[in-house]
Amino acid sequence: MDSAEYERKIASRFAAFDQDGNGYIDREDFSGAAAALLAEFGTTARSDKGQYLYSGAEAFWQGMAGIADVDGDQRVTRQEFITGAAKRLRDNPQRFAEIARPFLHAVIAIADEDGSGVTPSAAERVLRVLGVQPGVAKQVAAALDADGDGRISEEEILSAFAAYYVTPEP
């Protein structure tokens with residue numbers, strides 16, 4: 001796969017972060033995603049889990065801005081995402097997982113409603129809230145449960161998340 005094709009595929013991931021569709025990724029996209037997840041799972045913003053999620057969203061935003069906001073305007077444009085995030089993270093997908101870890105850990109805490117792990121159906125709900133098409137969300141959530149035990153581990157989620165955002169494959 002050539003570099004231009006890789007960049008086009010990574011650019012398609014940009015829309016998932018640009019939650020409000022205004023053409024750039026900013027702090028509000030991350031806090032908006034947190035608010036939508038809290039609403040989906042009936043968790044209040046003032047609860048410990050709610051505060052943890054907002055804190056994780058802020059950490060994720062800071063990490064994203066740190067690697068991609070080239071001009072320092074507190075917004076990541078599509079081009080900054082392609083040239084900053086994709087190029088820096090392609091060689092080290094685990095770096096992206098580490099940037100995302102606080103947010104994903106908080107999402108897992110909310111989606112794991114009974115304390116026994118995230119189910120594929122809860123993962124599907126998270127994916128739909130984050131903008132994944134319903135049919136695709138169901139398929140991806142099922143695939144995340146690679147061992148078929150009905151639970152998805154944090155490491156499975158982190159690895160899949162990093163791979164999705166920094167590799168060209170769907």
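Here, each number is a calculation from the coordinates, and none is a lab measurement. On a predicted model such as this, the values are computed, not experimentally measured, just so you know. Neighbour counts run over all protein chains shown; Cβ positions are idealised from the backbone, glycine included.
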Fill in the blank from the handout: Rounded to 0.05, the calculated FRET efficiency for the beta carbons of ASP114 and ARG78 at R₀ = 41 Å is 0.55
Handout entry: Values of log10 I(q)/I(0), in the order q = 0.14 Å⁻¹, for region 3-166 under a Debye, Cα-only, solvent-free model
Key = -0.69
Problem - Nitroxide proxy distance, nm - points 7 Å out along Cα→Cβ at ALA4 and ASP71 - result: 2.5 nm
Fill in the blank from the handout: Subtracting the Cα-Cα distance of GLU154 and GLU40 from 0.36 nm times their residue separation yields 39.1 nm
Problem - Ranked list, fewest to most other Cβ atoms within 10 Å of each Cβ, for ARG101, ARG78 - result: ARG78, ARG101
Exercise for the section: Calculate, for ALA146 and ASP48, the FRET efficiency according to 1/(1 + (r/R0)^6) with r their C-beta to C-beta distance and R0 30 Å; round to the nearest 0.05. Expected result: 0.50
Handout entry: Between 0 and 90°, nearest 10: helix 48-68 axis offset from the chain longest Cα axis
Key = 20 degrees
